[in-house]
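Novice: Right, I'll just put the structure down here and ask away after.
The values are calculated or read from the model by the stated rules, or taken from the named source; none is laboratory data. If you're wondering where the values come from, they're calculated on a predicted model, not measured in any experiment. Please note: Cβ atoms are built from the backbone with ideal geometry, for glycine as well, and neighbour counts cover all protein chains shown.
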Amino acid sequence: MSTTLSPRAQASTDQVPSSQRLAFWESYNASQLIGLTCSTYDPHGLRAQGRVFDADDVAFTEIRGNQHVIERTRSLLKTHPKDSIFACILLEGDAFLFQSGQCYTVRAGDVIVYSNAIPYLYGFTGDMRQIIVEVEADRLFRGRREMRPAAPIQVDNRLRTGRLLANTLRTMAVDFVERPRADAVPGVADQARHLLRAAVDPGAARELNDMAAWRLLRAEAFIAEHLNDPALDAEKVARALGLSVRQLHRLFAHRDRSVSQWIWDKRLERAHQELADEGSRKLSIGDIAYRWGFASQAHFSRAFRGRYGMTPMQHRRAGQA
């Protein structure tokens with residue numbers, strides 16, 4: 001059974017006296033995210049909640065709150081040093097980010113990437129929700145200091161590649177924060193690093209302009225959307241993307257799995273998740289197997305045991321215990 005991850009840290013201002021909330025929120029962020037100052041013009045004071053989940057060396061921080069402004073000043077760079085890259089995915093609300101002499105307007109659905117080793121001001125004009133995907137700069141750029149962005153990079157949703165990057169990062173981050181599973185950690189961490197590097201690293205951007213990496217992401221997205229189609233195979237995926245089957249197999253060589261192996265692995269992951277879901281208790285194991293493209297319950301049981309070391313029934317019982 002896949003373990004549901006607990007947050008590494010979480011906090012809320014709900015039970016904190018209004019006069020102490022700003023100091024409380026600054027202290028929480030200093031210990032779990034980054035050193036900053038916080039202010040609000042809301043007459044009722046700051047309302048904020050935060051959770052942090054770790055996926056290997058990638059941190060996912062979900063923040064909900066009302067109108068407020070945070071600032072990372074030069075003095076905080078010295079007292080609370082940190083050198084990592086933030087990809088802020090704004091899910092609800094409007095915001096602005098000021099850094100390196102430039103001001104950016106951020107709308108719900110936007111992704112903006114920046115270094116927290118440079119002073120910045122980040123403000124939210126009303127109720128907000130965002131997820132911050134964070135990776136240490138040295139790990140992300142493999143020690144190449146010149147790759148650190150000197151100014152924020154706002155992913156351009158007007159471009160096809162920008163939309164795909166933003167949508168993929170947003171979907172992945174929301175799914176992990178809302179359903180944090182231990183077995184998803186390696187894939188989530190790998191995909192997060194790949195996407196952040198693609199947004200910042202000119203070398204990765206050139207690769208993306210060649211479309212190979214984007215074709216792979218498109219293929220993975222198409223597969224995820226059609227996993228319950230029993231006829232899903234490499235030929236169908238290739239046809240949907242306008243590629244030859246040979247081209248598609250070359251793309252998946254970067255994942256060290258064939259297209260077929262990728263499809264069956266993802267089907268098993270979905271079935272594994274659904275078997276433990278309380279809302280699926282009325283469905284038989286056979287129903288779940290067929291839903292995710294398995295032609296027979298016997299095939300499903302063999303594949304499931306090979307992947308998870310237990311039968312589907314054992315996994316379901318463990319999830320209900």
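Novice: (1) surrounded by 15 or more Cβ atoms within 10 Å (Cβ to Cβ); (2) more than 24 Å from the chain's Cα centre (by Cα); (3) at pLDDT below 95; (4) not β-branched (Val, Ile, Thr): which one isn't true of Cys38, the others all being true?
Specialist: Answer for Cys38: the failing condition is (3).
Novice: Sticking with this one: How many of the residues in region 115-162 are in contact with a helix residue (DSSP H, G or I) (Cβ under 7 Å, 6 or more places away or on another chain) and under 21 Å from Arg51 (Cβ atoms)?
Specialist: Qualifying residue count, region 115-162: 3.
Novice: Condition (residue is in contact (Cβ under 8 Å) with a residue 60 or more places away in the chain, in contact with a strand residue (DSSP E or B) (Cβ under 9 Å, 6 or more places away or on another chain), more than 23 Å from Gln191 (Cβ to Cβ) and of a type outside the set (D, E, K, R)) applied to region 52-66: is it met by at least one residue?
Specialist: yes
Novice: Could you please give the count of residues in region 1-47 that are touching a residue at least 12 places away in the same chain (Cβ under 8 Å) and within 22 Å of Thr79 (Cβ to Cβ)?
Specialist: 20
Novice: If you take the residues of region 296-315 that are of a type in the set (Gly, Ala, Ser) and within 11 Å of Ile285 (Cα to Cα), which of them is surrounded by the most Cβ atoms within 10 Å (Cβ to Cβ)?
Specialist: Top of the filtered list is Ser301.
Novice: Let me ask another. Collect the residues in region 121-134 that are among the hydroxyl-bearing types (Ser, Thr, Tyr) and surrounded by fewer than 21 Cβ atoms within 10 Å (Cβ to Cβ), keeping them in residue-number order. Walk me through how you get there before you give the answer.
Specialist: Looking only at region 121-134, we keep the residues that are among the hydroxyl-bearing types (Ser, Thr, Tyr), and these are 122, 125.
Correct list: Thr125 only.
Novice: Taking only region 96-112 into account, find how many residues are within 20 Å of Val52 (Cα to Cα) and in contact with a Pro (Cβ under 7 Å, 6 or more places away or on another chain).
Specialist: Going through region 96-112, the residues within 20 Å of Val52 (Cα to Cα) turn out to be 111-112.
Restricting the remaining residues to those that are in contact with a Pro (Cβ under 7 Å, 6 or more places away or on another chain) gives 112.
Adding up the residues that qualify gives 1.
Novice: Looking at region 268-321 only, could you name the residues that are out of contact with any helix residue (DSSP H, G or I) (no Cβ under 6 Å at 6 or more places or on another chain) and on the phi > 0 side of the Ramachandran plot?
Specialist: Within region 268-321, just Gly309 meets the criteria.
Novice: Kindly provide the set of residues from region 291-313 that are free of Cβ contacts under 8 Å to residues at least 40 places away in the same chain and in a helix (DSSP H, G or I), ordered by number.
Specialist: Gln297, Ala298, His299, Phe300, Ser301, Arg302, Ala303, Phe304, Arg305, Gly306, Met313
Novice: Also, I was wondering about something else. Is one or more of the residues making up region 239-261 closer than 22 Å to Ser301 by Cβ, in a helix (DSSP H, G or I) and modelled with pLDDT of 90 or more?
Specialist: There is at least one residue in region 239-261 that is closer than 22 Å to Ser301 by Cβ, in a helix (DSSP H, G or I) and modelled with pLDDT of 90 or more.
Novice: Can you report the number of residues in region 96-115 which are buried (at least 20 other Cβ atoms within 10 Å of the Cβ) and not in a strand (DSSP E or B)?
Specialist: Summing the residues that are buried (at least 20 other Cβ atoms within 10 Å of the Cβ) and not in a strand (DSSP E or B) in region 96-115 gives 1.
Novice: Can you find a residue in region 155-162 that is closer than 18 Å to Phe222 by Cβ and either crowded, with 20+ Cβ neighbours inside 10 Å or within 14 Å of the chain's Cα centre (by Cα) (or both)?
Specialist: Within region 155-162, the first condition is being closer than 18 Å to Phe222 by Cβ, and the residues that meet it are 160-161.
Filter once more, keeping what is either crowded, with 20+ Cβ neighbours inside 10 Å or within 14 Å of the chain's Cα centre (by Cα) (or both): none.
Scanning region 155-162 turns up no residue that is closer than 18 Å to Phe222 by Cβ and either crowded, with 20+ Cβ neighbours inside 10 Å or within 14 Å of the chain's Cα centre (by Cα) (or both).
Novice: Also, quick follow-up: Could you tell me whether any residue of region 132-154 is of a type in the set (Lys, Arg), in a strand (DSSP E or B) and farther than 18 Å from Gly35 by Cβ?
Specialist: Within region 132-154, not a single residue is of a type in the set (Lys, Arg), in a strand (DSSP E or B) and farther than 18 Å from Gly35 by Cβ.
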